[in-house]
Every structure is written in structure tokens, then in C-alpha cells.
1. Taking all protein chains as present, what is the carbon and sulfur share of the accessible area of the chain, in % to the nearest whole number, probe 1.4 Å?
2. Which translational diffusion coefficient, to the nearest whole µm²/s, is obtained for the chain from the Stokes-Einstein equation, given a Kirkwood hydrodynamic radius over C-alpha pairs, 20 °C and 1.002 mPa s?
3. What's the percent breakdown of Cα-Cα distances in segment 15-109 across 5 Å bins, shortest bin first?
4. Output the relative contact order of the chain, whole-number percent, from Cα pairs under 8 angstrom with separation of 6+ residues.
5. So how many Å³ per residue does the convex hull of the Cα atoms of segment 2-193 work out to?
6. Along each of the three principal axes of the Cα atoms of segment 202-289, give the extent in whole Å, ordering the values from largest to smallest.
7. Quick one: angle between helix 195-226 and the longest Cα principal axis of the chain, in degrees between 0 and 90, rounded to 10, please.
8. Just order 78-91, 46-59, 106-119 by mean Cβ neighbour count inside 10 Å, highest at the front, would you?
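The values are calculated or read from the model by the stated rules, or taken from the named source; none is laboratory data. Keep in mind that what you see is a predicted model, and the values were worked out from it rather than measured. We place every Cβ from the backbone using ideal geometry, glycine too, and count neighbours over all the protein chains shown. Calculation scope for accessible area: heavy atoms of the full protein, side chains included, ligands and nucleic acids excluded. Shrake-Rupley method; radii C 1.70, N 1.55, O 1.52, S 1.80 Å.
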Amino acid sequence: MKIAVIGTGYVGLVTAVCLAHWGHEVTCVETDTEKLSILRAGRSPIFEKGVEELMQSCAEKLAYTDDCGEACRGAQAAFICVGTPEREDGFANLKQVFAVAKQIAASARGDCVCVVKSTVPIGTNRKLERLFFSEAGKGVTIEVASNPEFLSQGTAVRDFLFGPRVVIGVESAHCGEILRSIYAGYQGQVIVTDRQTAEMIKYASNDFLALKISYINEIANLCEIVGADVETVARGMGADSRIGKNFLRAGIGYGGSCFPKDTKALHWLAKYYDYEIKTIKAAIEVNENQKIRLIKKARRYYQNLEGLSVAVLGLTFKPDTDDLRDAPSLQNIAVLLQEGADVRVWDPSGYERIKRLYPHQITCCGTIGEAIQDAHLCLILTEWEQIRNFDPAGYAQHMKRPVVIDGRNCYSPAAVQGAGIVYDSVGRPRVLPENWADQTGRVLYLPVDPRKTAPDFHTFHEA
Ligand SMILES: NC(=O)c1ccc[n+]([C@@H]2O[C@H](COP(=O)([O-])OP(=O)(O)OC[C@H]3O[C@@H](n4cnc5c(N)ncnc54)[C@H](O)[C@@H]3O)[C@@H](O)[C@H]2O)c1
């Protein structure tokens, strides 16, 4: 089938290459000229396993353009894959979606289906259909199908090709048939429903996962207070198939381009209909607090952060992606700089965006060792494999004060025992070197001003 895919970000490009892999002829539309020239050179502008390989193996089935009209003319289906970022009030910003819809309406010369892959609030597909009804050319019918995407960055190609379900929201049998033939290469469960339900499945799924993360994070915080180990708690919970073991990893909260905005969008939508979705409201609040929990923890060791050298390991919201959107690192770095810390970062996916945000204020390092050299504090924010494989004893060797606060539980407490570092992770017992606690077990404060040489240690009562 001849298909146009509009927007070649994480969802659009993965959709395009996977559809081409299933034998469709796909024209990708991208307005970002830099991305377009990378695509035309046969390379992937996004850091996503398997995408570039599929781009190359399906090269004869893929074309790239910035002209939506050219892509849509003669296409039987046009996929909308543009961003739906958060508006200031929390609602989804649908400007890009409607702008693309107008272009499709203006350029379609024959009947086609507009497939909405972007995550859009419930009711949007219906509004788009009204737009097509009034703006499409004479004699041209553009039907709208909701086809939300559930891929995860880092495993996007596998998720698209072999995910547990494909959801199709349609209002006519004809439209359903077209969608089924697009997905003929997919072997899993296809759920065909109406458009409102399909739109809701997407939000209900993402928000449930966000809720699960916030739930385990709260349990982790309580584990720290009562002296339990959240990882064993999660294992115990996850062994029950009614609960499931996924998304029970405690940490410093969710980020990325989906969970933060999709939780807020559903909360806003419910409010619009005069309904309060209390569970999601709580998930959002818990996540906001969780993101800066490491900095609160740092105050167990330093009264203030001014003048401290702080290493930040990991910038992306999760490993195996280059995506920094809504990553906890952004909030943490902002607070560290505001408090006068000297920030040195390490991340393997590149520094392009962070350098745009902070061209002079932070130091981007080539290795973990370089980032932690002479640091007073190290915050681990992403569970990159390179960090998990870094020898815990290396912190003691490189750092001025080996205080490591791990927001992703990259090491087991047993692995850091004897490494000579303070290791404070999420929801698990803290590991301290022998000389870091007094006889009563209270942690010794570090000098208020790290530039001071006087050994002014104080005992510290934790709240
Ligand atoms: N990223 C994910 O993991 C994920 C997963 C599931 C669903 N979604 C949803 O999919 C949608 C897209 O997300 P994304 O992460 O791929 O976004 P993205 O920002 O990575 O990509 C969007 C792309 O669309 C391009 N674009 C914008 N306007 C355009 C236009 N008029 N014509 C052509 N191209 C245009 C942009 O330049 C950009 O490359 C969002 O609604 C998101 O919520 C994302």
C-alpha cells in the first residue's frame, strides 16, 4: 500500500521503517531540514536500536520529503505522527496535529484514511473528521482512524513489530479493513474498537504505568524510613501475576516525552468534564517530588551545595535513548546550578541538547572517571550499562568525597560494601564506610564549606 507518514520523530520514523519492512511504500514527511538531510543520507536522526538498519534494508520502499502534498497525493493512508506536547495549562497542544490535517485535506486527490498515531485527547479524532469533511476537495472522502502507539524508546522497533497488541479505532468497516491490511504483517492481537475507546486505551495505559511507577516510588520512600528493601518488596509483589513485575523499579521518577504530558493531559481532560481523576493527580504529585529527592538526600551529607563539585551520571530519561524531554536530570541540574554547585556531567548519548541549554555553565565529560574526578558528590540519574559496569571502588579512587547517591539503583548494596564509598540508593539500606558514622550510627556531616580545610564535622540528625 502507498502510505504517507508525517513527522519522523521516535514514533513516525519507527512506524515508517516498520511499515516499509512489511512491504508498504512509504513516503516520510519531515519539516526539520536538518533531520531531513540526515534521513536523505540514509541515516537515522534519532538514537534508536535497529532503525538505521531497517532504513537501509528497506531503502527502495522509503522516500523522504518536506512536501506533505507530494507524499499524500495517491496515498491510501496518511499517518499523523507529529508531537502533541504539553500546553502551559497541562492540556495537549494539538497545533501540529491540526496543521498536518489541514495539509492532508488540501493535498488528498482521492479517498484516503488519516491514521492518527500521535497521542491525542479523547474526542480529537472526531474533530479531525469534521475538519476533513469541511476542508477536503470535492468528491474526496477522508476517513479518520485512531491507531495509538505503545512503543517504548530504546526498544521501539521490536515493540512496533512484535508488541502485545495493535489498537485500531474506526467508525466504518471499510476503514477497519484498510487498517487491517496495513497491519497484515503483524502477528499479535489486533483490537478493533471505536475511536473514543482507542484514544482512551492509550491514555489509560500510559497513565496506569505512570501510576505504578509513582506507587513503587512511594513504597520505596517508606522502605527507607522503616528499614525495608524495596527491590525485594517489588520482587515479592511482582511474583503475583495479578500485579506483574514490570514498572516496579523504584527510582527518581518517570520522565520522557510521554508519561509526564499524558498524565497531565488526562487529568486536565477529566477536569474539563468536571471530574477529578484522583489517582492520576497523586501520581503526578509524587513524581514531581521524587525527581528532586536526590538533592534532598544530598543535604544529609552537605549543609549546602555552593562550591561543591557535583558529578551527574546520566542525562537521558532512560538508557538507550538520546531523549532528554522531561528527564529528571534537567530539574536536578537546574537546582544544582541555582545552588552554586560546579556541575560535571557524563552521558553516552551525546550532549547536543544539554549544551544548547547550558552552553557554559556545565562541563560535559568524555568518561565517567573524568566526571567524578575530585567531585564531592555524585548523582546517578540514568541506569546506563556503562554506569552499572563501572567499578564502585572507582568512586573512592577518583572523588574528593565519595558520596554517591544513586537514583536508579545501579548497584546492589552488597556490590558497594567495602568499596569505601557512601552509597545512598532508592528504597534500600544505605551503605557507609566505617568512618562515616559515629558510635550511635549517625552519619557525620561534611564541612559546610567544602573549600574550608578545617575538619568541622558535625553529627546530623535525620528528619
Ligand atoms: N516517543 C515515544 O516514545 C512515544 C510513544 C508513543 C506515542 N507517542 C506519541 O507520538 C507522537 C509523536 O511523538 P514523538 O516522540 O515521535 O515526537 P517527536 O517530536 O520526536 O517527532 C515529531 C516530528 O514531527 C515533525 N513535524 C512537526 N510538524 C510537522 C509537519 N507539519 N510536517 C512534517 N513533520 C512535522 C517534527 O520535526 C519531529 O521530527 C506524540 O503524540 C507522542 O505523545 C510517543
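1. Roughly 51 percent, rounded to a whole number.
2. D = 89 µm²/s.
3. Result returned by the calculation: 2, 13, 21, 22, 20, 13, 7, 2, 0.
4. With pairs under 8 Å counted, the relative contact order is 11 percent.
5. Taking the convex hull of the Cα positions in segment 2-193, it is 113 Å³ per residue.
6. 41, 27, 23
7. Value to nearest ten degrees: 10.
8. Most protected by this proxy first, the peptides run 106-119, 78-91, 46-59.
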